[in-house]
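Everything below concerns the one structure shown next.
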Amino acid sequence: MKAPMTRRNAVLGITVAATSLAVPSILRAQSAGRVVVIGGGFGGAACARALKRAQANLQVILIEPNAIFTSCPFSNAVIAGLREIDAQQFGYDRLRAEGVTVIGQAVTTIEPQLRSVITADGVALPYDRLVLSPGIDFHFEALPGYDDAASEKMPHAWKAGAQTLLLRRQLEAMPDGGTVAIAIPANPSRCPPAPYERASLIAHYLKTKKPRSKVLILDAKDNFSQQRLFEKAWKELYGDMIERIGLSQGGRVTSVDPATRTIVTEFGNYTPDVANVIPPQRAGRIAEVAGAADATGWCPINPVTFESKLVRNIHVIGDACLGGGIPKSASAAGAQGKACAAAIVNLLAGRAPETPRLTGICYNIVAPGYGFSLAGNYQPKGDIFAEVEGGATSPVDAPRELRAREATEAEHWFQTITADTFG
């Protein structure tokens, strides 16, 4: 009889659940080979580390142009002035110490027929298996007026780092009585609940620093993950400070004008004091270069092995893949990275991969000491991942003591997943 899913089990499970079924096979693996991993976020770093730990004589190369990884989870707290950016930043020294070769270059070319990748400095690296963990890029064509230049005036802050700090500075410079607008795209997108967490923490900042101000959410969806929990918290904590206009009310953003900071929707135009525009998304560009992205902009995979359905010997994990019911989140990416590593070790040894069972959890902090969560289990079903029994979500009518405990658990989760991934 299986133990029921709890939030604590889910937190601890991110380090083991993705590979629990494959551990016996990993320990027996003896064959050598070379695996190249592109992308050093939660998925790619977890995969590279798991590969090397599984098989010491396997050559594992992680290619990541940035020397420091800046985490998106908890970056909303940086925007709201509750956390500093250096608490979000992690390097790769621990992976190097464990035998992973880390190359600080971008990849410009992938040659699937030759099983080779070419870096920006012209070095060709052959591989037996290639793992792509490129995260997301923005689908600028889907939002007229928005591009990299526009993001300097209307920041997305959807890739943590300089944009995170830019949005924070804009909030700090905004006069009391101003409006912060958050434009939210339709799914699929990275971490679907995160824009609503952001609205919550920005409202907390405004309530404490600029109480005559408001947050306006312009949403391309009518419904969103954990909606009842968010809306209850907003009413309890922020009154009428947060206003949300959904899809059926004309909330979908159709274009922007960065020169005037104007956001255009189907039913009207808005010119807020601060415009946080989160554009539509697709898989990171290197997935397209590899031929692993389809017409949707995302990467279809075999959910047992994470191998691309479009290109042989290439695996795709994390936000870039079409995962079905499993969300695009740090927790999911880390679990996928470990499960992908288990599959690759078996494939290189000529054994059949074992069916993964992934565990993931998503925490949202809507104010200091006030959090809630959603945990789930996922297994392959046909061509995608489907959620299976055993998930858990925070009760809507929970006492504040539980909200405070979950906020503490969120911190523990972050410490666990970053230590597990980066050391």
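The values are calculated or read from the model by the stated rules, or taken from the named source; none is laboratory data. Keep in mind the model is a prediction, meaning the values are calculated, not measured. All Cβ positions, glycine included, derive from the backbone under ideal geometry; neighbour counts span all protein chains shown.
Results, tabulated for the structure shown:
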item: Odd one out for ARG261, checked against (1) on the phi > 0 side of the Ramachandran plot; (2) in contact with a helix residue (DSSP H, G or I) (Cβ under 7 Å, 6 or more places away or on another chain); (3) not hydrophobic (A, V, I, L, M, F, W, C); result: (2)
item: Failed item in (1) more than 22 Å from PHE230 (Cβ to Cβ); (2) within 19 Å of the chain's Cα centre (by Cα), with GLU411 passing the rest; result: (1)
item: Check on LYS159, farther than 13 Å from ASP273 by Cα, modelled with pLDDT of 95 or more and not in a helix (DSSP H, G or I); result: yes
item: Residue within region 75-84 that is surrounded by 15 or more Cβ atoms within 10 Å (Cβ to Cβ) and of a type in the set (Ser, Thr, Tyr) present; result: yes
item: Hey, GLY350 touching a residue at least 60 places away in the same chain (Cβ under 8 Å), assigned by TED's automatic domain parsing to the domain that holds ALA56 and under 16 Å from the mean Cα position of the chain (by Cα) or not; result: no
item: Filter pass, GLN336 being within 23 Å of VAL37 (Cα to Cα), under 18 Å from the mean Cα position of the chain (by Cα) and at pLDDT 95 or above; result: yes
item: Any hit, region 50-73, residues being of a type in the set (Lys, Arg), touching a strand residue (DSSP E or B) at 6+ places or on another chain (Cβ under 6 Å), part of a helix (DSSP H, G or I) and surrounded by fewer than 16 Cβ atoms within 10 Å (Cβ to Cβ); result: no
item: Complete set of residues in region 203-217 that are of a type in the set (Val, Ile, Thr) and within 20 Å of VAL253 (Cα to Cα); result: VAL215, ILE217
item: Lone qualifier among GLN379, GLN415 - being surrounded by 15 or more Cβ atoms within 10 Å (Cβ to Cβ), modelled with pLDDT of 95 or more, at negative phi and of a type in the set (S, T, N, Q); result: GLN379
item: Selection within region 86-107 - polar (S, T, N, Q), surrounded by fewer than 18 Cβ atoms within 10 Å (Cβ to Cβ) and either out of contact with any strand residue (DSSP E or B) (no Cβ under 6 Å at 6 or more places or on another chain) or over 16 Å from ILE63 (Cβ atoms) (or both); result: GLN89
item: Hits in region 358-414 (condition: charged (D, E, K, R) and in a strand (DSSP E or B)); result: LYS381, GLU387, GLU389
item: Check on ILE365, touching a strand residue (DSSP E or B) at 6+ places or on another chain (Cβ under 8 Å), at pLDDT below 95 and hydrophobic (A, V, I, L, M, F, W, C); result: no
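Residues are listed down the side, and each one gets a yes or a no for (1) buried (at least 24 other Cβ atoms within 10 Å of the Cβ); (2) over 18 Å from GLU387 (Cβ atoms); (3) not small (Gly, Ala, Ser):
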residue: ASN302; (1), (2), (3): no, yes, yes
residue: ASN313; (1), (2), (3): no, yes, yes
residue: CYS321; (1), (2), (3): yes, no, yes
residue: GLY325; (1), (2), (3): no, no, no
residue: ALA342; (1), (2), (3): yes, yes, no
residue: LEU347; (1), (2), (3): no, yes, yes
residue: ARG351; (1), (2), (3): no, yes, yes
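Per-residue answers, yes or no, for (1) outside the structural domain of ASN313 (by TED's automatic domain parsing); (2) modelled with pLDDT of 95 or more; (3) among the β-branched types (Val, Ile, Thr); (4) more than 28 Å from LEU310 (Cα to Cα):
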{"residue": "THR108", "(1), (2), (3), (4)": "no, yes, yes, no"}
{"residue": "SER116", "(1), (2), (3), (4)": "no, yes, no, no"}
{"residue": "THR119", "(1), (2), (3), (4)": "no, yes, yes, no"}
{"residue": "VAL123", "(1), (2), (3), (4)": "no, yes, yes, no"}
{"residue": "PRO134", "(1), (2), (3), (4)": "no, yes, no, no"}
{"residue": "PRO155", "(1), (2), (3), (4)": "yes, yes, no, yes"}
{"residue": "THR164", "(1), (2), (3), (4)": "yes, yes, yes, yes"}
{"residue": "LEU167", "(1), (2), (3), (4)": "yes, yes, no, yes"}
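Per-residue answers, yes or no, for (1) touching a residue at least 12 places away in the same chain (Cβ under 8 Å); (2) farther than 24 Å from ALA186 by Cα; (3) assigned to a strand (DSSP E or B):
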| position | (1), (2), (3) |
| --- | --- |
| PHE267 | yes, no, no |
| PRO272 | yes, no, no |
| ALA287 | yes, no, no |
| ALA292 | yes, no, no |
| PRO300 | yes, no, yes |
| ARG312 | yes, yes, no |
| HIS315 | yes, yes, yes |
| ASP319 | yes, no, no |
